[in-house]
Amino acid sequence: MKAIIVTNEAEGTAGMKLTEWPEPRPAINEVIVQVHASGFTHDELTWPATWTDRYDVNRTPSIPGHELAGVVTALGYGTTGFSVGQRVFGLSDWYRNGSLAEYIAIEARNLAPLPGDVDFTVGAALVMPGLTAWQGLFDHGQLQSGQSVIIHGAAGVVGSMAVQLAREAGAYVIGSGRASGRQTAHDFGVHEYIDLDNGNLEEVGKVDLVFDVLGGEITTKSAGVIRTGGTLVTIAGPTQARPVGGRTIDFIVEANRQQLVDIVQRVRDGRLKTNIGNVVTIDEAIAAFAPNVRLKGKTIIRIRS
């Protein structure tokens with residue numbers, strides 16, 4: 001099968017190589033998925049799990065990519081809940097070979113059924129952004145109707161998903177980001193927008209929740225705009241920033257079947273839109289990951305037409 005592999009962390013995306021790779025076989029409670037569409041997160045080549053296993057042992061060459069949509073082609077011993085030929089989508093384990101390949105072995109619990117009226121490209125684009133936004137807002141942020149939330153990077157892939165979910169939940173949604181993202185953020189549903197290049201975050205007043213995807217100075221400043229009892233949630237890594245009388249949570253997204261089911265149903269109902277930018281084939285994928293290329297929206301790799 002075709003697969004994109006990496007062998008050297010120092011080389012980054014320049015070290016990616018498209019090659020022939022042995023097809024995987026399913027272990028207990030696993031399935032083999034013929035990947036039709038895959039996602040790639042721009043910074044995953046900096047994640048330790050891309051290069052080592054859980055025991056910190058080098059596992060290269062490894063296949064990146066963790067978001068996928070495709071069709072089940074084989075079941076491992078003891079696997080239940082899926083059948084050969086079924087359409088699925090999901091999030092693969094960080095410490096295993098990923099989805100930038102024609103086939104992937106994945107634990108069945110990390111997958112959800114993909115309805116027939118949802119394109120594979122859309123399914124793959126929902127996985128990481130949808131789960132990250134859902135878990136950040138509701139599992140960790142405990143967002144409730146009537147509360148206010150600032151979503152940094154509101155025009156981005158995760159932020160735009162969070163904007164829609166927060167607004168549907170009845171929150172007052174304030175987006176932030178570059179000046180160029182204002183219209184996109186409004187298109188996805190923000191009530192207000194803060195231009196971080198020219199505006200002042202502190203002028204917005206106090207909010208119940210900040211959902212941060214940017215990190216750095218923005219995370220630090222965000223702690224000051226959270227009211228007593230509020231929460232700062234970030235996916236940008238551990239931080240010392242703490243809101244007065246509140247809490248800070250940094251988290252890593254996890255696979256969750258029921259959340260994927262709920263997210264894809266919103267797409268089918270027209271309540272949720274993906275933020276897809278570039279769609280490329282696996283043969284074109286490496287060029288699309290070049291660090292000097294800034295693209296809007298989620299890049300999706302069509303593995304199979």
Legend entry - Every pair of residues 6+ apart whose Cβ atoms lie under 7 Å, when the first sits in the range 21-34 and is among the charged types (D, E, K, R) while the second is buried (at least 18 other Cβ atoms within 10 Å of the Cβ): Glu23/Tyr103; Arg25/Ala105; Glu30/Thr79; Glu30/Ala105; Glu30/Ile106; Glu30/Glu107; Glu30/Ala108
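Can you tell me how many residues within the range 264-283 are charged (D, E, K, R) and free of Cβ contacts under 8 Å to residues at least 12 places away in the same chain?
Of the residues in the range 264-283, 1 are charged (D, E, K, R) and free of Cβ contacts under 8 Å to residues at least 12 places away in the same chain.
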Legend entry - Single match in Val204, Val213, Val253 (criterion: more than 18 Å from Asp139 (Cβ to Cβ) and β-branched (Val, Ile, Thr)): Val204
Legend entry - Within the range 112-149, considering residues that are under 24 Å from Val204 (Cβ atoms) and of a type in the set (Val, Ile, Thr), the one surrounded by the most Cβ atoms within 10 Å (Cβ to Cβ): Val149
Inset, instruction - Inspect the range 147-157 for any residue being closer than 30 Å to Ala285 by Cα, in a helix (DSSP H, G or I) and modelled with pLDDT of 95 or more and give the result as yes or no. - result: yes
Legend entry - Single match in Ala133, Ala101, Ala105 (criterion: among the aliphatic types (A, V, I, L, M), at pLDDT 95 or above and outside the structural domain of Glu23 (by TED's automatic domain parsing)): Ala133
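The values are calculated or read from the model by the stated rules, or taken from the named source; none is laboratory data. Every value quoted in this text rests on a predicted model; they were computed, and no experiment measured them. Quick reminder, even Gly has a Cβ in these numbers, built from the backbone with ideal geometry, and neighbours come from all protein chains shown.
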